[in-house]
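Here is the structure we will look at.
The values are calculated or read from the model by the stated rules, or taken from the named source; none is laboratory data. Just so you know, these numbers come straight off a predicted model, no measurement behind them. Every residue, glycine among them, receives a Cβ derived from its backbone with ideal geometry; neighbour counts consider all protein chains shown. Keep in mind that these areas ignore ligands, DNA and RNA; they rest on the heavy atoms of the full protein, side chains included. Shrake-Rupley method; radii C 1.70, N 1.55, O 1.52, S 1.80 Å.
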Amino acid sequence: MAFGAEELRVLRRALALALHPTPASAEDVQACLRLAESLDEAMREDARMRAFLVAELARCRAALPGTATGYLTLLEESLGAGYRPTSDDLAALRALRGNPTAAALLSRCRTFAEQDVRARLARDTAHPAPHVAPTVPGARTRFLALPGGLSDASSSTAVHLPAQAAGQEPGKQPRKKPAEKPAAPQPGPGPGPTPAAPKPTRPIP
């Protein structure tokens, strides 16, 4: 990003006000605001340009090897704009290493990749991931906190499973014993024998 003579004058005045606070004139304030707006617009334009370069780079990389010349030119321009090569770029450059420009860019991209790896390792070492200790689920904690611990739980299990303790299959109702039939009544003493009817007698003549 290049500054013109007027922009450099405003920037120098703004730095002087920041280092040595003094009352600023309305003209200085307006000039600083215009410079800030220009910087914001330049940054937005730079972001748009970088996005365009990255999209063009991906398109040319997908069409290799026919677009080798355009791809190498765009890659070099993108690296100058702050682009970091990806694994796809490294693979494409290895395939084009017979080209002197591709070989030089491959060496440059490997340097950037090594720098990124070292920076990532340094961040991981400086800020390691916190160790999370395993925790016991809440429900299990409540069970173990009961008086008697597991012994009470096992004894209560035995109490609630009478069918299994009796040797019956779980899930079935216990068998009912058949009702006993009432005993047959014993014959008691009945009435005596009925006397035989008297035989009719013939009248005597």
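Observations on the structure shown:
- Condition met for residue 10 (open to solvent by less than 40 Å² (accessible area, probe 1.4 Å) and of a type outside the set (Lys, Arg)): yes
- Residues of segment 100-125 satisfying the condition of being within 26 Å of the chain's Cα centre (by Cα) and open to solvent by 70 Å² or more (accessible area, probe 1.4 Å): 120, 121, 123, 124, 125
- The requirement of being surrounded by 10 or more Cβ atoms within 10 Å (Cβ to Cβ) and at pLDDT below 85 is satisfied by residue 17.
- A single entry from 81, 63, 91, 51 fulfils the requirement of being hydrophobic (A, V, I, L, M, F, W, C), surrounded by fewer than 16 Cβ atoms within 10 Å (Cβ to Cβ) and in contact with a Lys or Arg (Cβ under 6 Å, 6 or more places away or on another chain): 81.
- Pair list, Cβ < 6 Å and 6+ apart or interchain, from segment 1-29 residues that are farther than 25 Å from residue 49 by Cα to residues that are modelled with pLDDT of 85 or more and open to solvent by 90 Å² or more (accessible area, probe 1.4 Å): none
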